[in-house]
Every structure is written in C-alpha cells, then in structure tokens.
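The values are calculated or read from the model by the stated rules, or taken from the named source; none is laboratory data. All values reported here derive from a predicted model rather than from experimental measurement. Cβ: placed from backbone, ideal geometry, glycine included. Neighbour counts: every protein chain shown.
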Amino acid sequence: MKVLITGIDGYLGWTLSMYLTDRGHDVLGVDNFSRRKNVAEIKSWSATPIKSMKERLKAFKEVFGKELVFYEGDLTHYDFTRLIVEKHKPDTIVHLGEQPCAPYSMIDVHHCNFTMMNNIVGTNNLLYAMHHYSPKTHMVKLGTMGEYGTPNIDIPDGFFDIEYRGRKDRLPFPRQAGSWYHQTKVHDSHNVMFACKIWDLKSTDIMQGVVHGIKTLQMTDERLLTRFDFDEVWGTALNRFCAQAVIGHKLTPYGE
C-alpha cells in the first residue's frame, strides 16, 4: 500500500513512517517543519535529540534499506498539495499535518488564527485534491476526544439516536470544544463528513486521546528517535510529570 503521511516530521508522523515501512508499505511524507519552529518560538526543545530531516532520511535508508520520499511544503498552498496527490495517488493519506496544541492556539489572536488557517485550510486542500485527482484514496484523519468536551453522558461512536417531540433521527453527537485548536478539529470533522457526502470520498476520523511514549521497536538507531516535549505549552501533563520525576522536581498537577 502507498501511504502519504502529512506532518511526517512530527511526534506521530515520524514514528508511523517507520512502523508502516517495517510492514512492507511504501511511505512518502510532507512537512513544513512548523512543529520545530513553534516549539522554538516559546524557547523550548525536545528532551530527546531530534536530528535534521536530512540526517533522519539518511538513517532511515540505512536501517530499512529503502528511500523515504519527502516533500517540504505547506498544505495550505493548494498547488503544492494538489501536485503531490496528483503525482502519487496514494492508497491512503494519514493526515497528521496540523497544529496540535491547545495552549499554543490560546496565546493570542495571531496564534488562534494561525491554528485556524493551518488546520482547516490544509485539510480542505487535501479533500479537494482527493476529489479531483485521487478519489479512491482513503483519508485517515486524526481528530480528538476534545471535540466532545465533557458531557455528563456516555459519548457514542460518532452518532447517536435521538427522539424529540415525537420524531426520531440518528445525528452526529454534539461537539463542545474547549480551545481554538479543538474548534479546528470540530470544523475538520464537519468538513470531512460533508466532502464524503457530496463527493463520495472515504475517510476515517479517529477521535483519540493523549498519545504517550518515545520508543518503538523500529527505533534501532538513535538518529530515528521521535520527539519528547515537556514544557507548559507543548508537553502533555504525562510528559511533564515524567520529566519532573526524573529530575526530582515536585509534580505540578495544578500548573504551579
């Protein structure tokens, strides 16, 4: 299977590229390195040493015996996105190329608007490129459980049955996002659903929780390590607690 991974330089994208390659799939990737830039912007860094993409690709070929096709570019530029989809016509697009941080999106109007533009426009460009040039491609889209908020009832798998004033229907479960980042994920889910409806595209929207860990079986070379963020913006609570425990610092569950 030919798989295009957007956001391949990120925490999940880089790890997934090795996992799929190890299982015999052909992987190509896209990234604009915004994760590196955005983490550096707040004067932070990855606790694990992250190599440049040039070094990563070299190590990838040495370990797996095959080239990883990589394109540097921005999904919000439609012509760039279109050309890649049109040229490769991947069987699957694993769409991880979004700004993934709620605190970053809440800093100010500029970070909010960057998140909106990057996430929503990038996804829409992929959908249009699939529609026009690769309609049989299946998109695997990373959503988030944060789309639903914390309702006082069980959250069903996407849809739920409702009866109101004597009428019944099956509707998408209501979204109650808690940040501008989560709002972009809500918009993405609606846009993907609409595109599948009007163009008969195929997509799987995965509403995952926090992903953790820094090591997989494929990371047999230190040049292949993925990132580990631990700061108050990019580091998850679990990552921060682990980092604090290692250095003997008291845990800060309340952000002290």
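Have a look at V85, V39, V27, V69 and point out the one that is touching a strand residue (DSSP E or B) at 6+ places or on another chain (Cβ under 6 Å) and crowded, with 18+ Cβ neighbours inside 10 Å.
It is V27.
In region 156-174, is there at least one residue being in contact with a Gly (Cβ under 6 Å, 6 or more places away or on another chain) and modelled with pLDDT under 95?
no
With (1) surrounded by fewer than 18 Cβ atoms within 10 Å (Cβ to Cβ); (2) touching a helix residue (DSSP H, G or I) at 6+ places or on another chain (Cβ under 9 Å) as the list, and Y104 as the residue in question, which single condition is left unmet?
(1)
Every residue, every condition in (1) under 20 Å from E222 (Cβ atoms); (2) free of Cβ contacts under 8 Å to residues at least 24 places away in the same chain; (3) touching a strand residue (DSSP E or B) at 6+ places or on another chain (Cβ under 8 Å), yes or no:
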residue: V3; (1), (2), (3): no, no, yes
residue: D9; (1), (2), (3): yes, no, yes
residue: R35; (1), (2), (3): yes, no, no
residue: K43; (1), (2), (3): no, yes, no
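Failed condition for L251, given (1) part of a strand (DSSP E or B); (2) out of contact with any strand residue (DSSP E or B) (no Cβ under 8 Å at 6 or more places or on another chain), with all others met?
Every condition holds for L251 apart from (1).
If only one of H95, H110 is under 16 Å from the mean Cα position of the chain (by Cα) and at negative phi, which one is it?
H95
Does region 208-219 include one or more residues that are buried (at least 17 other Cβ atoms within 10 Å of the Cβ) and either assigned to a helix (DSSP H, G or I) or among the small types (G, A, S) (or both)?
For region 208-219, residues buried (at least 17 other Cβ atoms within 10 Å of the Cβ) and either assigned to a helix (DSSP H, G or I) or among the small types (G, A, S) (or both): absent.
Condition (residue is surrounded by fewer than 22 Cβ atoms within 10 Å (Cβ to Cβ), of a type in the set (D, E, K, R) and either at positive phi or within 18 Å of the chain's Cα centre (by Cα) (or both)) applied to region 118-140: is it met by at least one residue?
Taking every residue of region 118-140 in turn, none turns out to be surrounded by fewer than 22 Cβ atoms within 10 Å (Cβ to Cβ), of a type in the set (D, E, K, R) and either at positive phi or within 18 Å of the chain's Cα centre (by Cα) (or both).
Restricted to region 42-66, and to residues that are in contact with a helix residue (DSSP H, G or I) (Cβ under 6 Å, 6 or more places away or on another chain) and over 19 Å from V3 (Cα atoms), which residue is surrounded by the fewest Cβ atoms within 10 Å (Cβ to Cβ)?
My answer is E55.
Determine, yes or no, whether L83 is within 16 Å of the chain's Cα centre (by Cα), at pLDDT 95 or above and of a type in the set (A, V, I, L, M, F, W, C).
no
Scanning for something buried (at least 16 other Cβ atoms within 10 Å of the Cβ), in contact with a helix residue (DSSP H, G or I) (Cβ under 9 Å, 6 or more places away or on another chain), more than 17 Å from P100 (Cα to Cα) and among the small types (G, A, S), does region 142-160 turn up at least one residue?
no
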